[in-house]
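Here is the structure we will look at, set down as structure tokens.
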Amino acid sequence: MTENRVQIIIRTTDTERDQVKKMAQEKDVSMNQFILDAIFDSKDDSTSDSSDSISDSRMIEILEGQLAKKDEQIEQMQKLLDQQQQLTLQTNQQIQYLQLEENKETEKKAEAFEEKEAKKGFFSRWFGS
């Protein structure tokens, strides 16, 4: 049994007709077949849109999960950085305290030496002992 064919007329500009003709030649089909393929392929695309939206929503869920995990990792890193900064501050304070104590001891030793030298007599300074 043969199908009844009907004619559909499409009005285009010369430039549009040339583009359709060129695209049909690239696919090695007639202009009519090219237009039919384009129309029916677009219908197939619309039926696959629902599956695309499902896969898109699944992808969004995955990306949201990854984003939440990255947020947690950033928060943990910020806590670790804060702890490190506190430890560094404490260490610097201890170093400053120890340097201050060392300076005090050095000053005491210098003062004791100066007092000892001041107590020596004139001849012991010259002749040493």
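What follows is calculated from the coordinates using simple rules that are stated; it is not laboratory data. Just so we're clear, the structure is a prediction, and the values are computed from it rather than from any experiment. Glycine also receives a Cβ, built like all others from the backbone with ideal geometry; neighbour counts cover every protein chain displayed.
Miscellaneous remarks
- Note on residue 109: aspartates and glutamates with a C-alpha under 13 Å away, same-chain residues under 8 apart excluded, are 101, 117.
- Protection proxy ranking for 81-94, 13-26, using the average of other Cβ atoms within 10 Å per residue and placing the highest first: 13-26, 81-94.
- Extreme residue, positive dipole direction of the stretch 14-119, given options 106, 32, 65 (C-beta unit charges): 106
- Taking the Cα centre of the stretch 14-119 as origin and assigning +1 to Lys and Arg Cβ atoms and -1 to Asp and Glu Cβ atoms, the resulting dipole is close to 360 debye.
- Prolate/oblate/rounded label for the stretch 14-119 (Cα gyration tensor, a/c 1.5): prolate
- A prolate overall shape is assigned to the stretch 71-111, the ratio a/c of its alpha-carbon gyration tensor axes (a ≥ b ≥ c) being 1.5 or greater and a/b exceeding b/c.
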